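Beneath this line is the structure, given in structure tokens, with notes to follow.
The values are calculated or read from the model by the stated rules, or taken from the named source; none is laboratory data. Remember, predicted model here, so these are calculated numbers, not experimental data. Neighbour counts run over all protein chains shown; Cβ positions are idealised from the backbone, glycine included. Protein only, heavy atoms only, side chains kept; ligands, DNA and RNA dropped before computing areas. Shrake-Rupley method; radii C 1.70, N 1.55, O 1.52, S 1.80 Å.
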Amino acid sequence: MAGKLMREIRQKKPFRTLHEEIALSLVRAADHTSASVLEVLKAAALSSSQYNVLRILRGSAPDGLPCGEISERMVRRDPDLTRLLDRLDARGLVVRTRDTRDRRIVRAAITDAGLKLLAELDAPVEENIKASLAHMPASRLRMLLELLEEVRAKEG
């Protein structure tokens, strides 16, 4: 009897607050849109964090960025950026150098091999993202983008 009552309570009000429901819905939506992209990245032997770093470095090519700035720009903060860069460096996708003015600063830059890999991934990643959102008209997608930007406006 208690089990049935608990199921009924959960079905009627599965979330304690609207905020909690929204937070979970955001996570589930992100998971939905990223699942097939993660498969593309897995086939390229990249994690989502590694892909994120390569995209950040592509945007800063050819100069690259100090590691601290890469960390600040990442979608999800990676507590061990050094190890992540080690793996990308070992694959020849990035190079690291000491800053000429301040030797304490390490700069990372994307290599030609890294640029080539990203170019190969651009179309399949975009196709998978589009497919996950294809059921929504452009007007709703623009509205969603505006709402998400409003959510993120409190960052900082």
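Can residue 114 be described as open to solvent by less than 50 Å² (accessible area, probe 1.4 Å), at pLDDT 95 or above, not charged (D, E, K, R) and not in a helix (DSSP H, G or I)? Write out each step before concluding.
Values: open to solvent by less than 50 Å² (accessible area, probe 1.4 Å): yes; at pLDDT 95 or above: yes; not charged (D, E, K, R): yes; not in a helix (DSSP H, G or I): no.
Answer is no for this residue.
Go through region 126-156 residue by residue and tally those that are hydrophobic (A, V, I, L, M, F, W, C), more than 19 Å from residue 26 (Cβ to Cβ) and either assigned to a helix (DSSP H, G or I) or open to solvent by 100 Å² or more (accessible area, probe 1.4 Å) (or both). Quick ask: steps written out before the conclusion?
Going residue by residue through region 126-156, those that are hydrophobic (A, V, I, L, M, F, W, C) are 129, 131, 133-134, 136, 138, 141, 143-145, 147-148, 151, 153.
Within this subset, residues satisfying the condition of being more than 19 Å from residue 26 (Cβ to Cβ) are 131, 134, 138.
Applying the additional criterion that residues be either assigned to a helix (DSSP H, G or I) or open to solvent by 100 Å² or more (accessible area, probe 1.4 Å) (or both) yields 131, 138.
The total comes to 2.
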Checklist entry - Does region 94-102 include one or more residues that are open to solvent by less than 70 Å² (accessible area, probe 1.4 Å), under 20 Å from residue 47 (Cβ atoms), touching a residue at least 40 places away in the same chain (Cβ under 8 Å) and not polar (S, T, N, Q)? => result yes
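Take residue 77 and tell me if it is in a helix (DSSP H, G or I), open to solvent by 70 Å² or more (accessible area, probe 1.4 Å) and among the basic types (Lys, Arg). I'd like the intermediate steps shown before the answer.
Details: in a helix (DSSP H, G or I): no; open to solvent by 70 Å² or more (accessible area, probe 1.4 Å): yes; among the basic types (Lys, Arg): yes.
When the stated conditions are applied, residue 77 does not pass them.
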Checklist outcome for this item: Residue hits (region 63-74; of a type in the set (Asp, Glu) and either surrounded by 14 or more Cβ atoms within 10 Å (Cβ to Cβ) or assigned to a helix (DSSP H, G or I) (or both)) are 69, 72
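Name the residues in region 80-104 that are in a helix (DSSP H, G or I) and in contact with a helix residue (DSSP H, G or I) (Cβ under 9 Å, 6 or more places away or on another chain), would you?
At the first step, the residues of region 80-104 found to be in a helix (DSSP H, G or I) are 81-90.
Those that are in a helix (DSSP H, G or I) and in contact with a helix residue (DSSP H, G or I) (Cβ under 9 Å, 6 or more places away or on another chain): 81, 82, 84, 85, 87, 88.
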Checklist entry - Pick from 152, 107, 76: which is among the charged types (D, E, K, R), more than 19 Å from residue 37 (Cβ to Cβ) and touching a helix residue (DSSP H, G or I) at 6+ places or on another chain (Cβ under 9 Å)? => result 107
Checklist entry - When you scan region 39-62, how many residues do you find that are open to solvent by 30 Å² or more (accessible area, probe 1.4 Å), under 10 Å from the mean Cα position of the chain (by Cα) and among the hydrophobic types (A, V, I, L, M, F, W, C)? => result 0
